[in-house]
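To start, the structure under review is shown below, and the notes come after it.
The values are calculated or read from the model by the stated rules, or taken from the named source; none is laboratory data. This structure is a prediction, so every number in the text was calculated from the model and none was measured. Calculation scope for accessible area: heavy atoms of the full protein, side chains included, ligands and nucleic acids excluded. Shrake-Rupley method; radii C 1.70, N 1.55, O 1.52, S 1.80 Å.
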Amino acid sequence: MTQPTEAQKIQTLRAIRGPLIVWMIMIGFVAVYVSTSAIALIRTHISNKQFQLLSRYAPSHQSLIPFFILLATVCLIATIWFGPKLYQHRRYLLIGCPMLLLLIYIRFMPTSAPVLMIGTYPVFTIESIVAYNNSKRILRYVTTVYLFMWGAYSIAVGWMMALVTLESFGFVMMMVFYYWRFYQRQVQERERVENLYTELQLAYTQVETSTIRAERQRVARELHDTLTQGLAGTVMQLEAAKSFLEQGNTERTAEIIDNSIDVARGALHESRITLTDLRSTTEESLPARLHLVTEAIRKNYQVTTTTKINDIPDYSPSQLTEITRIVTEALTNVAKHANTDQALLTSSLHDDIFKLKIIDFGAGFDMSSQSKKKMAGHFGLQGLQERATRLDGVITVVSAPDEGTTVTLTMPATRKELANS
């Protein structure tokens, strides 16, 4: 996982100033309360010599203690507010300045020092996590300094009060380390998600590139099979017509020209269908794709298709593309072989099984084994079956002489991405 930039760290330090300042204001008032009520309690638990030692470090005027505590709290709040600027000037100043102020505070007002010690520890922890890449090491340094301060405090007030302070500090420290471990788990989880997202992006890019390459190859093949071969056949026939014309055989010339026109018209139709299929892949819904296909069939072959498409599952774009190509091939077969100008597209969805029917009202054919085998090759049913197999589906054909033909695609309503073919 990439580390945050310096600009991001400074922005985060500015964002957390508000909550930290509110926390320090609360700690300041608690320190005032403790300092004004704890001296009598301390006096009952320490010797006269210790009390005299403690009094030497405290302000001479007891009435000014709240003022000095609030002043110290304001100074610490100022270091939080100007923390981003301190960090920009020198990184160590973010923790160093408030730590120095805290040491001075403990030196002159030890009676309320525990409150401020306990209150500033979470502040230093949060700032360390935000500002330093190796925050764990910084947190160890801060904890060590705090333990030394606790030792100095215990010498001043005695071990009994020091143990009470240590108990509170230990509780806060456990909470801080719990937060630290929770934060570390969150960071690790975010890193795992980011790595997974990066891998998915890479895989998506590779799939997209492979899909574009495969689509270009497919279009090139189809244009070669239609436009290129059609133009090559037209050129050959026109050359033959020219030769017969030079020999004065006008009947043969006219016959060849008519054939050339048919070949060129067929190549033009096939090219238009191919381009329509390419355009249809940009549409997001199956009805929109099929509308382009049926319009192309109508314009090129004068076959009008009535569409009744309902209850379409949430298929992936690759599945929709394969379904569209099955319909394109089936309608092209209708236009070429069914001797009709009417077709019907219907769909249904029952028990997670999707069925799409292409129905024509043309000549039909005999479904006996010999005729079925012959018509399968003639209609390209093998290609339809191969496409249906990629969809985990099947193609069924029902036909009878003079009663038309029904081609049915049956497939599960499960969304999945198809591999490139």
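Quick one: what are the phi-derived ³J(HN,Hα) couplings along the stretch 338-350, Karplus 6.51/-1.76/1.60 with θ = phi - 60°, whole Hz, x for glycine and proline?
Each residue's phi maps through the Karplus curve to give 8, 6, 8, 10, 10, 8, 9, 10, 9, 9, 8, 9, 9 Hz.
With every protein chain kept in place and ligands, DNA and RNA left out, what is the accessible area per residue of the stretch 286-358? Probe 1.4 Å, answer in Å².
42 Å²
Ordering Val145, Val123 by how much accessible area each has at a 1.4 Å probe, largest first, what is the list? Before the final figure, lay out each step's value.
On the way: Val145 50, Val123 5 Å².
Listed by decreasing accessible area, they come as Val145, Val123.
Starting from the Cα-Cα distance between Arg192 and Val145, subtract it from 0.36 nm times their residue separation and give me the gain in nm to one decimal.
On the way: separation 47, 0.36 × 47 = 16.92 nm, distance 3.46 nm.
So the extension gain works out to 13.5 nm.
What is the mean projected area of the alpha carbon convex hull for the stretch 98-152, to one decimal in square nanometres?
Details: hull surface 13.8 nm².
Answer in nm², one decimal: 3.4.
Which cross-chain or sequence-distant (5 or more) residues have an amide H under 5 Å from the amide H of Gly362, H modelled 1.01 Å from N in plane?
Long-range HN contacts for Gly362: Gly404, Thr405.
Roll a 1.4 angstrom probe over the protein heavy atoms and tell me the percent of accessible area of the stretch 320-363 that is carbon or sulfur.
Solvent-exposed carbon and sulfur of the stretch 320-363 make up 46 percent of the total.
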